[in-house]
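Chemist: Pasting in a structure now, in structure tokens, and then I'll have a few things to ask.
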Amino acid sequence: MISADLDRNRLLTHRLRAHQLTEPAAAPADCAVLGVGVRDNPVGDTAPLALRARTEPAGDAEEGLIRAYSVRSAIHLHRRTDLPLLVAALRWQRPDEPARGNFGDLAVPDPLAAVAEAADAMRAITADGQPQTKGELSGAVTARLDPALSPWCAYCKAHHVNDGLFRQATLQAGLVVVPDPAGSFRLHPYESAIEVIDPTQARRELLRRYLSLAGSATPAALGTWLGLSTAAARAWWNLLADELEPVRVDGQRVWIHADDLAALPESPERAVSLVPPYDPYLEVAERKLLVTDPDRRAKVWRAIRNPGVVLCGGEVIGTWRDRQAKAGRAVTVELFDVPTRTLHRAIEQRAKGLLPGAAVDLQRS
């Protein structure tokens, strides 16, 4: 039974506030999005921008934060104190949990055993505390694994441990990602033993954080975010089923946490924001509800190299990309519709706040 028909604008305003895009945090470590992780692709680039978009004055300090291959086995920035929760929540409990394609074309009959084998190898290799590049660690792990887990890679022209398996195992091995000055990164063993916590409680907590930022969600959207099979996403969903309310937004049936439903804002916000590629506002979302037009949706979520987006009142009104030009950094903004002068000025101001010193070029897509 549907609890309510909700105005989509109220939901977008809720999301803006939950993501601290209307009332910024005082420091990067205070950003709520760190509760689910901020994707960093490439490493050292998008996550700092996402935090800068949410702090006033804009800040980049990363004290108390770490990077790890976490959600969907992608590199995310997290609070250091959340590492035990992530290890427990994201450890697969059943062989059918990973979504199809997590290991590419490789058939892995027992994903749990494969991850455990790879993680054991990683712990042994890094027991001396020495950081490893991804290539160094991959080569060393490959030498210790069942050859069936290291297929031929046409790109690398070598046999090596399956990349999806490698990334999934690093978190369980207690490895964190540390950027280096050359623009790459190394994998370091965490400096102390990671506390073991109850996986069910860890999943419930991570799911609550996800729902708070998503505003509304579905089991399918949760599965996409976590890289889970349909059955596994439903099992996660059922952990909080008694706290969720079914609602209808623009004809779509979605669910919202009961606490969030009771606190939905009545009036819309018109705040203008720029958020970077892979920002939590885009990653933690029911995509069809956030961007209703399929052509525009295709411009936001691409097969590779997503753009950043421009928000007005929580609505995605355009995309942006930056590049290094001869004269310095340049930002090209492509809007879906012709902006008013006031909106034009607001976008330009936000772009320069996010990327100080950049030249801004606004275009119609």
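Read-outs throughout are calculated quantities, based only on the coordinates presented, and are distinct from any laboratory measurement. What you are looking at is a predicted structure, and each value in this text was computed from that prediction instead of being measured. Heads up, the Cβs are rebuilt from the backbone with ideal geometry, glycines too, and the neighbour counts pull from every protein chain shown.
Chemist: Go through region 126-193 and name the trypsin sites (Lys or Arg not before Pro) that are in a DSSP coil and have 10 or fewer other Cβ atoms within 10 Å of their Cβ.
Modeler: Passing sites in region 126-193 are K157.
Chemist: For region 288-365, run through the trypsin sites (Lys or Arg not before Pro) and keep only the ones in DSSP coil with at most 13 other Cβ atoms within 10 Å of their Cβ.
Modeler: R302, R305, K326
Chemist: Per-residue ellipticity at 222 nm for the chain, helices alone: DSSP H runs ≥ 4 residues times -39500 (n - 2.57), over residue total, nearest 500 deg cm²/dmol?
Modeler: -10000 deg cm²/dmol
Chemist: Please work out the ratio of the alpha-carbon Rg of the chain to 2.2 N^0.38 Å and round it to two decimals.
Modeler: Normalised Rg, Cα atoms only: 1.01.
Chemist: Whole percent per 10 Å bin, from 0 to the bin with the longest distance: what is P(r) over all C-alpha pairs of region 142-257?
Modeler: Reading upward from the zero bin: 11, 28, 28, 22, 10, 0.
Chemist: Return the single residue from A220, A50, A113 with maximal mean-square fluctuation; model: Gaussian network over the chain, springs between Cα atoms under 10 Å.
Modeler: It is A113.
Chemist: May I pose another question? Provide, in order from the shortest bin, the percent of all Cα-Cα pairs of region 106-196 in each 5 Å bin, continuing until the bin that contains the maximum pair distance.
Modeler: Once binned at 5 Å, the Cα pair distances of region 106-196 give 3, 14, 26, 24, 18, 11, 4, 1.
Chemist: So if I place +1 on the C-beta of Lys and Arg and -1 on the C-beta of Asp and Glu, and nothing else carries charge, what would the dipole magnitude of the chain be about its Cα centre? I want it in debye, nearest 20.
Modeler: Once rounded to the nearest 20, the dipole reads 1020 debye.
Chemist: Helix 163-172 against the longest principal axis of the chain: what's the angle in degrees, Cα atoms only, rounded to the nearest 10?
Modeler: So the inclination is approximately 90 degrees.
Chemist: What is the log10 of I(q)/I(0) for region 209-365, computed with the Debye formula using one identical point scatterer on each Cα and no solvent, at q = 0.13, 0.18 Å⁻¹?
Modeler: -0.69, -1.12
Chemist: May I pose another question? Just grab the label-to-label distance for R253 and A327, each label 7 Å out from Cα along the Cβ direction, in nm (one decimal).
Modeler: About 5.5 nm separates the two model spin labels.
Chemist: Dipole magnitude of region 291-364 about its Cα centre, charges +1 at Lys/Arg Cβ and -1 at Asp/Glu Cβ only, in debye to the nearest 20?
Modeler: With only Lys, Arg, Asp and Glu charged at Cβ, the dipole is about 280 debye.
Chemist: Taking just the alpha carbons, could you work out the radius of gyration and Dmax for region 291-364, both in angstroms?
Modeler: That works out to 12.4, 38 Å for Rg and Dmax.
Chemist: Follow-up question, since we're still on this one. Note down the net charge around A262, summing +1 for each Lys or Arg and -1 for each Asp or Glu among other residues with Cβ under 13 Å from its Cβ.
Modeler: Overall, the nearby charge balance is -4.
Chemist: Considering the alpha-carbon set of region 1-67 alone, what are its Rg and its Dmax in angstrom?
Modeler: Computed over the Cα atoms of region 1-67, radius of gyration and Dmax are 14.4, 46 Å.
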